[in-house]
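These notes are about the structure you will find just below.
The values are calculated or read from the model by the stated rules, or taken from the named source; none is laboratory data. Just so we're clear, the structure is a prediction, and the values are computed from it rather than from any experiment. Neighbour counts run over all protein chains shown; Cβ positions are idealised from the backbone, glycine included.
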Amino acid sequence: MPQFRIVLVGPEYEINLGSCARLMKNFDFGELWLVSPKADIHGREAIKYAKHSKEILENAKVVGSISSATKGCDFIVGTTGVLERWKGTIRSPLTLRQFVSAAKKRGGSYAILFGREGTGLSEEEIGKCDLLITIPANDAHPILNLSHAVAVVLYELSSIKFPGKRRHFIRKAGEGEKDALIKKFGELVDIIGPEMRYPAKVKLAFKRVVGRSLISDLEAAALLGALGRIRKRIR
């Protein structure tokens, strides 16, 4: 499984420092390195916004260069929202999801570099990177706040750390359950059909609604139970 080190280059604001620490705890990433930070890692705002992730800040490594912060990693990965600056240096970046897909297959250890809030990574720092990643955003306003960018990146990287976890939140109803729903609803329509003008259209409308919906297995079971009870009451 690939390993990831989060490297903040020259972070300027304690709020972002604390927020990044909290995000790392949220997504279970523990290795934080800071390159020449301007913000105080022990500052009041940093600790406040770290919330229950103070240990991430306390254990962060503070160094004076990117070379020191990335030592021991197989790949240095820069993040950027600017795709046209420094044409002699900048490479065609991968989208974040392209990078995650490649990292899953390749393995290894990665240092993920995030630049300063005001100016991002410099041309020289970009040149130290083995590859670049970008978060697709509005062309007219592509630069994310530091902590927001970290949140998006860590969320996508978490799909490697917790494979399959997201799929368990909502388990979709199967075709059999959907068919049962449509059948039971149709039986109800048949019972009250003489009172309706277009019972066939009502059945078709319900079938289409079920077909378009993202109904879960629990929701389908609840509806099946309710429709069954209604059918008994009517009869």
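Details
- Within region 53-79, the set of residues being in contact (Cβ under 8 Å) with a residue 24 or more places away in the chain and farther than 22 Å from ASP40 by Cα comprises GLY72, CYS73, ASP74, PHE75, ILE76, VAL77, GLY78, THR79.
- If only residues of region 190-227 that are of a type in the set (Val, Ile, Thr) and surrounded by fewer than 16 Cβ atoms within 10 Å (Cβ to Cβ) are counted, the one that is modelled with the lowest pLDDT is ILE192.
- ALA149 being free of Cβ contacts under 8 Å to residues at least 12 places away in the same chain, in the same structural domain as THR70 (by TED's automatic domain parsing) and either part of a loop (DSSP other than H, G, I, E, B) or on the phi < 0 side of the Ramachandran plot (or both): no
- Looking only at region 129-146, and only at residues there that are touching a residue at least 12 places away in the same chain (Cβ under 8 Å) and out of contact with any strand residue (DSSP E or B) (no Cβ under 7 Å at 6 or more places or on another chain), the one that is surrounded by the most Cβ atoms within 10 Å (Cβ to Cβ): ILE135
- Residue that is farthest from PRO2 (Cα to Cα), among those in region 103-124 that are outside any helix (DSSP H, G or I) and without any contact (Cβ under 8 Å) to a residue 40 or more places away in the chain: THR119
- Residues of region 1-25 satisfying the condition of being part of a loop (DSSP other than H, G, I, E, B) and of a type in the set (D, E, K, R): GLU12
- Pairs, first closer than 24 Å to PHE99 by Cα in region 155-173, second at pLDDT 60 or above and among the acidic types (Asp, Glu), C-beta under 7 Å, six or more apart: LYS161/ASP28
- Exactly one residue out of SER101, SER65 is modelled with pLDDT of 95 or more and either among the polar types (S, T, N, Q) or surrounded by 14 or more Cβ atoms within 10 Å (Cβ to Cβ) (or both): that is SER65.
- Taken together, the residues in region 26-46 that are in contact with an Asp or Glu (Cβ under 8 Å, 6 or more places away or on another chain) and in a helix (DSSP H, G or I) amount to 3.
- Among (1) farther than 30 Å from LEU218 by Cβ; (2) assigned by TED's automatic domain parsing to the domain that holds VAL209; (3) of a type in the set (Val, Ile, Thr), the one test that ILE182 misses: (1)
- Residue satisfying condition, being closer than 22 Å to PRO136 by Cβ and part of a loop (DSSP other than H, G, I, E, B), within set VAL82, VAL100, VAL77: VAL82
- Residue within region 72-79 that is surrounded by fewer than 20 Cβ atoms within 10 Å (Cβ to Cβ), out of contact with any strand residue (DSSP E or B) (no Cβ under 8 Å at 6 or more places or on another chain) and in the same structural domain as LYS161 (by TED's automatic domain parsing) present: no
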